[in-house]
1. Only one of these is in a helix (DSSP H, G or I), within 21 Å of ALA102 (Cβ to Cβ), at pLDDT below 95 and not acidic (Asp, Glu): LEU171, LEU161, LEU142, LEU211. Name it.
2. I'd like to verify a number: residues in the stretch 116-129 that are in a helix (DSSP H, G or I) and closer than 22 Å to PHE20 by Cβ, how many?
3. Can MET48 be described as buried (at least 21 other Cβ atoms within 10 Å of the Cβ), at pLDDT below 95 and not small (Gly, Ala, Ser)?
4. Can you name every residue in the stretch 76-115 that is in a strand (DSSP E or B), without any contact (Cβ under 8 Å) to a residue 60 or more places away in the chain and out of contact with any Pro (no Cβ under 7 Å at 6 or more places or on another chain)?
5. Filter the stretch 24-38 down to the residues that are of a type in the set (A, V, I, L, M, F, W, C), over 11 Å from ILE98 (Cα atoms) and in contact (Cβ under 8 Å) with a residue 12 or more places away in the chain and list them by number.
6. Quick check on TYR152: is it of a type in the set (Ser, Thr, Tyr) and within 27 Å of VAL223 (Cα to Cα)?
7. Does the stretch 138-145 include one or more residues that are in contact (Cβ under 8 Å) with a residue 40 or more places away in the chain and either loosely packed, with under 15 Cβ neighbours inside 10 Å or closer than 19 Å to LEU23 by Cβ (or both)?
Amino acid sequence: MPQWSPQTYLQFADERSRPFVDLLARVPGERRTIVDLGCGPGHLTALMRSRWPAAEIVGVDSSPEMIATATAENTDPGARYVEGAIGEWFPDEPVDLIISNAAFQWVPAQLEIVPRLREHLTPGGVLAFQVPNNFRGPSHVLLRELAAADPYARYAEGAALSRGVTAATYLDLLAGPGWTVDAWETTYLHVLAGEDAVFGWMSGTGARPVLQALPDELRPQFVEEYRSVLREAYPRQPYGTVLPFPRVFVVVAQDVV
């Protein structure tokens, strides 16, 4: 399990939050009890609060660093944060909304776990989530190729897996009697500022397991090689570096009879 850095993750907070805003816009109705799975540093709580002012919000994340940041910086009396793994933590009672932003891709058995989350919804409840689907993009292809090469392969084996799931796969998985599924895919063109911006983005998320798997004496060499190939794949423009980023969105609503 990699250690996550809230500071590194939040370097591109606006770009990382944009898909969550788009997801919230498609969640129907009033929601009084909400679980945010993979809540990270709690930076999205305010967006949920603005949509549902009276809701009770529980954020869950497997990273103690993320939970510590969320708890320390939270000023919302109606929100709390708990440490727990997505595949193992469930609410004590059914809730109106289970929501997740860019977290299910880290769950190895997500295609078994995600459907079970519906069992923890109240009548008329909603499961809503978005996940990256950029694993065929240069940032991930180059990461996998470099991690599989010597001298890194012996340390980084299995750390740079492709975790993409299509919208159609989620639709087939979750559609059925009693459930309405809205599934779609959007590609964002993030314009990132700064030097080696794509590396900065990746070091906070997709590349982090590889970087932490490498021994201290090899990590600087890997970082420099990865930076170099990313610069070539994503040339910096006068207005910034463009990172195309496909994401899959799913909103599953229980039909009310």
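1. The unique qualifying residue is LEU211.
2. Total meeting the criteria: 3.
3. Spelling it out, it is not the case that MET48 is buried (at least 21 other Cβ atoms within 10 Å of the Cβ), at pLDDT below 95 and not small (Gly, Ala, Ser).
4. Within the stretch 76-115, ALA79, ARG80, TYR81, VAL82 meet the criteria.
5. LEU24
6. yes
7. no
The values are calculated or read from the model by the stated rules, or taken from the named source; none is laboratory data. Keep in mind the model is a prediction, meaning the values are calculated, not measured. Cβ sites come from the backbone with ideal geometry, for glycine too, and all protein chains shown count toward neighbours.
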